[in-house]
Amino acid sequence: MDVLCSDKTGTLTRNELTVTAIRAQPGFDEARVLMLAALASSDGGQDPVDAAIRSAYAKKGLAPLPKQTKFVPFDPATKMSETATVDGNGATLRAVKGAYAAVVKLTEASPDGSAAARELEEKGFRVLAVAVGATTTAMRLAGMVALSDPPRADAADLVSELRTLGVRTVMVTGDAAATAAIIAREVGLDGAICPPGPIPATVHPQDFAVFAGVLPEDKYHLVQAFQKAGHTVGMCGDGANDAPALRQAQMGIAVSTATDVAKSAAGIVLTAPGLGGSWPP
């Protein structure tokens, strides 16, 4: 292996997400933004983002959430989750949460919202936008929820050791570029960030250190592009959205906390927490 493509969340980071900040838009307060975000989150599922948001809402001691009449879990292709509920007047209410760039397309333009999202992303937070509206009307941007997820303690050492072995490590993530760049610096990934858009067909590992805002199929295409350039490629990930790339890579590596789908797609499954793996005692 001479190049390793690594997912960010849950691979280079601890996947210990915590709601760190909430930014409400005019007409909303932080409690309502958090309530809408929690409403658009699964209850008791395996999604760590949803679990963090539901936990933050529970700790606030706020009123019980309205009953969901419909729930669409997070889709890596749309980068959103969605729910429907009935408000006090009997009207159906739609709430959406997800990547800022995806959610804001459903709402009117908000310069203040864009500035707030950019400020949070530049601090290294994972930023989710929350929007709400009736099913028959345009949606309003309610606010943003920022989550922190620190790097794994062994991530920087692993990147450094791989470098000494002649292995180039690149980060491949669906998160925003500003957020990814902060984590990349903290784990020792130095280099340019690939501009948003489709992965170039002739890209090389030395061209970029970070590929951000990518879709699951982009991870797969990136592995393919590196392989066509003559590289032996490893892919390290933890989520179902990493499965196609894990299966395509010559060395697909799932971390110990990976989903069953990711572990099934990988050729190697780490059995101890962290990235280094360990021999049995």
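Just checking, does segment 22-30 include any residue being assigned to a strand (DSSP E or B), β-branched (V, I, T) and surrounded by fewer than 18 Cβ atoms within 10 Å (Cβ to Cβ)? No, segment 22-30 contains no residue that is assigned to a strand (DSSP E or B), β-branched (V, I, T) and surrounded by fewer than 18 Cβ atoms within 10 Å (Cβ to Cβ). Of the helices (runs of 4 or more DSSP H) that lie entirely inside segment 209-281, those containing 2 or more residues that are among the basic types (K, R) span 216-228.
Any residue in segment 227-238 that is aliphatic (A, V, I, L, M) and within 20 Å of R14 (Cα to Cα)? Yes, that holds for at least one residue. Restricted to segment 33-55, and to residues there that are in contact (Cβ under 8 Å) with a residue 60 or more places away in the chain and touching a helix residue (DSSP H, G or I) at 6+ places or on another chain (Cβ under 8 Å), the residue that is surrounded by the most Cβ atoms within 10 Å (Cβ to Cβ) is A37. Contact annotation: residue pairs with Cβ atoms under 6 Å, 6 or more positions apart or on different chains, pairing a residue in segment 209-238 that is without any contact (Cβ under 8 Å) to a residue 24 or more places away in the chain with a partner that is open to solvent by 10 Å² or more (accessible area, probe 1.4 Å) and not in a strand (DSSP E or B), are H221/I199.
The residue of segment 66-101 that is most open to solvent (accessible area, probe 1.4 Å), among those that are modelled with pLDDT of 85 or more and of a type in the set (D, E, K, R), is K67.
Evaluating N241 against the criteria (1) in contact (Cβ under 8 Å) with a residue 40 or more places away in the chain; (2) open to solvent by less than 60 Å² (accessible area, probe 1.4 Å); (3) closer than 20 Å to V167 by Cβ leaves one unmet condition, (3). Number of residues in segment 115-172 that are under 30 Å from D87 (Cα atoms), of a type in the set (G, A, S) and at pLDDT 95 or above: the value is 5. Going through segment 1-21 one residue at a time, which ones are among the charged types (D, E, K, R) and open to solvent by 40 Å² or more (accessible area, probe 1.4 Å)? Scanning segment 1-21 gives D2, R14, E16.
The values are calculated or read from the model by the stated rules, or taken from the named source; none is laboratory data. Every value quoted in this text rests on a predicted model; they were computed, and no experiment measured them. Because the Cβ atoms are built from the backbone with ideal geometry, glycine has one as well, and the counts that use them run over all protein chains shown. Quick note on the areas: whole protein, heavy atoms, side chains included, nothing else; ligands and nucleic acids left out. Shrake-Rupley method; radii C 1.70, N 1.55, O 1.52, S 1.80 Å.
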